[in-house]
Amino acid sequence: MSVMSTGLSATSGPPNVLAAEGGTLASIEEWINSIFNPISDALSSFVFAEISIGSVSFPWIVGWLVLAATIFTLYFGFVQFRKFKLATQIVRGKYTTDDEPGEINHFQALSSAVSGTVGLGNIAGVGVAVTIGGAGATFWMILAGLLGMCTKFVECTLGVKYRETHEDGTVSGGPMHYLRKGLNERIGGAFGKGLGNVLAVGAAIMLLFFALAGGNMFQANQTFAQLQDVTGGDDGFLGSDGAALVFGILLAVVVGAVIIGGIKSIGAVTSRLVPSMAIIYIAACLIVILVNITDVPAAIVEIFEGAFTPEGVTGGAIGALIVGFQRAAFSNEAGLGSAPIAHSAVKTKNPVTEGYVALLEPFIDTVVVCTMTALTIVIAKTQFWEDAKATVFAGGDTPDGVTVTSESFATVLPWFPYVLTVAVALFALSTMITWAYYGQKAWTFLFGKSRTSERTYQLIFCLFIVAGSVLTLGSVLSFADAVLFLLALFNIIGLYILAPVVKREVQSFRDKMRSGEVSRTDKVKN
């Protein structure tokens, strides 16, 4: 989950405030921020530079991601719709066997990847989206999520196609591998090899930096902040810097215990954690929706009408479209190159099987979870949300997205802040576990794979959890987010070049199914 997927401004990044108001911690934080501020500002100004359509502006990187998703959808003949049923069958253990190369099954690979994208952005980010873009932003968010399914299909097929299997049976994959191997294979010569190596190393550095900052420190910081808020704030028992330190150490121990076991341990945990947190959150959404069941038809009409003829919304119909697309792009990370790392560890002989499984990821993250949040807000129609939309339309500040969502739930569930706290904690924990794995694969690509190398990385990652609990480091997090989305620029260029490879994999798997070499089993392994 990127920092952007929390609903923060794509151009400004996280608020540059200090975690502590005095003493050594504040001095350290201020010193680090002062170093990163100029770097962060320069990179963010490029990555999140805005282009305009009429009176509405949006980051060019969003257009880059959505354009790629649209092109791939057309090139692969709307594969995300045609093969949706097949994808669900593969997730359930059909068409593959336990003795195929890899480390985890399809369901564990999917849950590991989903745990890295489903997060606070599905709660706070959607609240911001429907405030700026109105109810109609929901329609465009769903559309962008559906298109993003195809991008995930492409990049995760390539992740398995060009993965490396080590002597100990573990697997490494992701953009650093398919950019290096794939571009060398497709382009060839010194240019292809050089380009592939440069992009691969750049991808690894970007992934590693975000893993330590955005996928780690930010999650720890936000989890502690939420826990502190529901336990009395600064006056509660978690109101001191000492409490943050203890919390950080305990969180580091929990995460460390999981990540030391590798992707098999991570897959085992996330395959239970992801469904649990999804059930908790979606159940809360359904309670609000069912209590207001008579308002559902009107809310659906408002979403469709608002997508094309919104009134009282910044930017009108184009504004609703852009906000919806932006929220989906920042939420499911389709095209960023992160998810293929987890999907590459799957047990399969046919790369495209995991491509089919991966296309379910944006569906779960954006089409289901984000839409449930949006529908809850639209149905509840709180005065807070109405006032917030009017304020934004008048040129005022955008409200805290968590508050928009929380107020909607509170209309039926006054105790929802506590549910939100549990959800945030679970989302953050799952994100840290998954990004620990992503970062480790980037680390071993850069510094070599050995037990010592992996343990060194794991120790550094856990130390960053502790640091994240007591320090905000706003400029560092802004830089990390810019780095992650810069990866999308290089990654998608590689996806365009390697798309024909994916098409050949599709044809190969189709031929195997027709010949009977690959057949459906009735055994469900999950």
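The values are calculated or read from the model by the stated rules, or taken from the named source; none is laboratory data. Predicted model, so just to flag it, every value in this text is computed and none were measured. When we count neighbours, we look across all protein chains shown, and the Cβ atoms used for this are built from the backbone with ideal geometry, even at glycine. Heavy atoms of the whole protein, side chains included, go into the accessibility calculation; ligands, DNA and RNA do not. Shrake-Rupley method; radii C 1.70, N 1.55, O 1.52, S 1.80 Å.
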Exercise. Quick check: anything in region 250-260 open to solvent by less than 40 Å² (accessible area, probe 1.4 Å) and in contact with a Gly (Cβ under 8 Å, 6 or more places away or on another chain)?
Worked result: no
Seminar exercise, completed: Screening L420, L426, L446 for residues that are part of a helix (DSSP H, G or I), open to solvent by 40 Å² or more (accessible area, probe 1.4 Å) and among the hydrophobic types (A, V, I, L, M, F, W, C) leaves only L446
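Applying the selection to region 54-87, what residues are among the hydroxyl-bearing types (S, T, Y) and in contact (Cβ under 8 Å) with a residue 24 or more places away in the chain?
Of region 54-87, the ones among the hydroxyl-bearing types (S, T, Y) are 55, 57, 70, 73, 75.
Correct list: S55, T70, T73, Y75.
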Exercise. Based on what the data block shows, is L498 touching a Lys or Arg at 6+ places or on another chain (Cβ under 7 Å), open to solvent by less than 10 Å² (accessible area, probe 1.4 Å) and part of a helix (DSSP H, G or I)?
Worked result: yes
Problem set entry | Of all residues making up region 163-205, the number that are open to solvent by 10 Å² or more (accessible area, probe 1.4 Å) and outside any helix (DSSP H, G or I) | 9
Exercise. How many residues are over 21 Å from the mean Cα position of the chain (by Cα) and either open to solvent by 40 Å² or more (accessible area, probe 1.4 Å) or small (G, A, S) (or both) if we restrict to region 385-402?
Worked result: 11
Problem set entry | Subset of region 338-368 (residues that are closer than 27 Å to A488 by Cβ and open to solvent by 10 Å² or more (accessible area, probe 1.4 Å)) | N350, P351, L360, F363, I364, V367, V368
For this session: Kindly indicate which of N216, N221 is open to solvent by less than 10 Å² (accessible area, probe 1.4 Å), in contact (Cβ under 8 Å) with a residue 24 or more places away in the chain and of a type outside the set (G, A, S).
Result: N216
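Where residues in region 20-37 are open to solvent by 80 Å² or more (accessible area, probe 1.4 Å) and part of a helix (DSSP H, G or I), which of them is modelled with the lowest pLDDT? Talk me through it step by step, then tell me what you get.
From region 20-37, those open to solvent by 80 Å² or more (accessible area, probe 1.4 Å) are 21, 24, 30-31; that's our starting set.
Add one more test, that the residue is part of a helix (DSSP H, G or I), and what stays is 24, 30-31.
Details: T24: 67, E30: 73, W31: 73.
Within region 20-37, the match that is modelled with the lowest pLDDT is T24.
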For this session: Mind telling me which of the residues I51, I71 ends up being touching a Gly at 6+ places or on another chain (Cβ under 9 Å), open to solvent by 60 Å² or more (accessible area, probe 1.4 Å) and modelled with pLDDT of 80 or more?
Result: I51
